Amino acid sequence: MRVTAFLICLGALVWTSCHKSHLQTVVVYTSQDQQFAEPILKLFTEETGIEVRAVYDSEGVKTTGLANRLLAESKHPQCDVWWSNEALRTRQLARRGIFDTNFLATFGFRSRRIVVNTNKLDLASAPSSLVELTNARWRGQVALAYPMFGTTSAHFIALRQHWGATQWEDWCRALAANKPFLVDGNSVVVRLVGRGEALIGLTDFDDISAGRREGLPVMALPLNGESLLIPNSVAVVREARRPANARRLFDYLQSKRTMKLLVEARALEGEAIDSGSHLSVSWESLLDDLEPATETMRAVFLR
């Protein structure tokens, strides 16, 4: 009897410990750069007592890799919260039924910019339009991340809607024929431009800011009608294993305080998108162009 009672008590203690541990954790998959996300998630843990188990992306495939992981796990979700530093893949996953659409939001923004090496290129001589990047003058002098992934993908698809499919495909082919550097990620673009291996790059504003903090001679050209403003997005996974904790993190990430911290860290440029000089897009409508645009970009830009 004593042994039986002991085993019952031990089992109860183990169950309680595991159940408590389960209640005090939340799993997030995030494409937000780890240097920006980690301090925010640490603050959340300090303030709520909920441990965050974060899975980060890789620079080369960015959000695409995590999106594929979520799809593969859809019948048995391991993730509770999705936090992306872009919006297109989030909308794609929402359309596939991955998220609880009552808990899906966008917040803040950063921009896609042309970056130049200020030691090697006079700003007055820099291209004022993406169309100019196909000119012979810039042959072998432009760097960009592979456009099938991440924010480069979203930007290219937004340009397709803006220009029309035929003009866009002609531009893609002319750009590829001009021998650009195709690299694994936007931060690599900034480093190439900073070292002078390329004079011009297409990248994200936060990567340009990081390059300037490192002392690289780079500068972002002003926003124009071809620039894309990209919000962060956050969602709770449908049938999340820890829904209460997931909703707390969902609210925390889009709070004014979090946005302020991300702006101060230069992960975001602002809290709200205005109607200024930039591409006006509907993220939902871009999804309809995602598949045909990606097929074209694979054919044009893959090695």
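Solvent exposure of segment 152-303, expressed per residue, is 44 Å² of accessible area, with all protein chains present and a 1.4 angstrom probe.
Counting only protein heavy atoms and a 1.4 Å probe, tell me what percentage of the chain's accessible area is made up of carbon and sulfur. Roughly 52 percent, rounded to a whole number. When you restrict to C-alpha pairs under 8 Å that are six or more residues apart and normalise by the size of the chain, the relative contact order lands at 27 percent.
Angle check, please: helix 63-72 long axis (alpha carbons) against the longest principal axis of the chain (alpha carbons), in degrees 0 to 90, nearest 10. Compared with the principal axis, the helix lies near 40 degrees.
Ordered from highest to lowest accessible area with the whole protein assembly present and a 1.4 Å probe, ASP288, ASP57 read as ASP288, ASP57.
Per-residue 3J(HN,Hα) values for segment 290-297, derived from phi via the Karplus relation 6.51 cos²θ - 1.76 cosθ + 1.60 with θ = phi - 60°, read 4, 5, x, 5, 5, 4, 5, 5 Hz in sequence order (x marks Gly and Pro). In sequence order, segment 122-133 has phi-based couplings of 5, 4, 5, 9, 5, x, 9, 9, 5, 4, 5, 5 Hz under the Karplus curve 6.51 cos²θ - 1.76 cosθ + 1.60, θ = phi - 60°, and Gly or Pro positions carry x.
Once the Cα atoms of helix 165-177 and of the chain are each reduced to a long axis, what angle between those two axes, in degrees from 0 to 90 to the nearest 10, is obtained? Helix 165-177 sits at roughly 80 degrees to that axis. Estimated at the nearest 10 Å², the accessible area of HIS278 is 40 Å² with a 1.4 Å probe. Under 5 Å between amide hydrogens, built in the peptide plane, is the criterion, and for ALA54 it picks out VAL28 among residues at least 5 positions away or on other chains.
Within the listed set ALA176, ALA136, ALA246, the residue fluctuating most in the Gaussian network model of the chain (springs between alpha-carbon atoms under 10 angstrom) is ALA136. Straight-line reach from LYS120: taking Cα to Cα under 16 Å and skipping same-chain neighbours fewer than 8 places apart, the aspartates and glutamates in range are GLU197.
In order along segment 146-155, the phi-based Karplus estimate (6.51 cos²θ - 1.76 cosθ + 1.60, θ = phi - 60°) of 3J(HN,Hα) comes to 3, x, 7, 10, x, 5, 5, 4, 4, 5 Hz; Gly and Pro are listed as x.
The H on the amide N of GLU86, modeled in the peptide plane, is under 5 Å from the matching H of SER233, each at least 5 residues off or on a different chain.
In whole angstrom, how far apart do the alpha carbon centroids of segment 273-297 and segment 207-235 sit? Centre-to-centre (Cα) distance: 18 Å.
The amide H of LEU216, built 1.01 Å from its N in the peptide plane, has no neighbour under 5 Å, considering only residues 5 or more places off or on other chains. Compared with the dominant principal axis of the Cα atoms in the chain, helix 243-253 is inclined by about 40°.
Relative contact order of segment 19-159, taken over Cα pairs closer than 8 Å and 6 or more residues apart, is 24 percent.
The values are calculated or read from the model by the stated rules, or taken from the named source; none is laboratory data. Keep in mind that this is a model prediction, so the values were computed, not measured. Note: areas computed on protein heavy atoms with side chains; ligands, DNA, RNA excluded. Shrake-Rupley method; radii C 1.70, N 1.55, O 1.52, S 1.80 Å.
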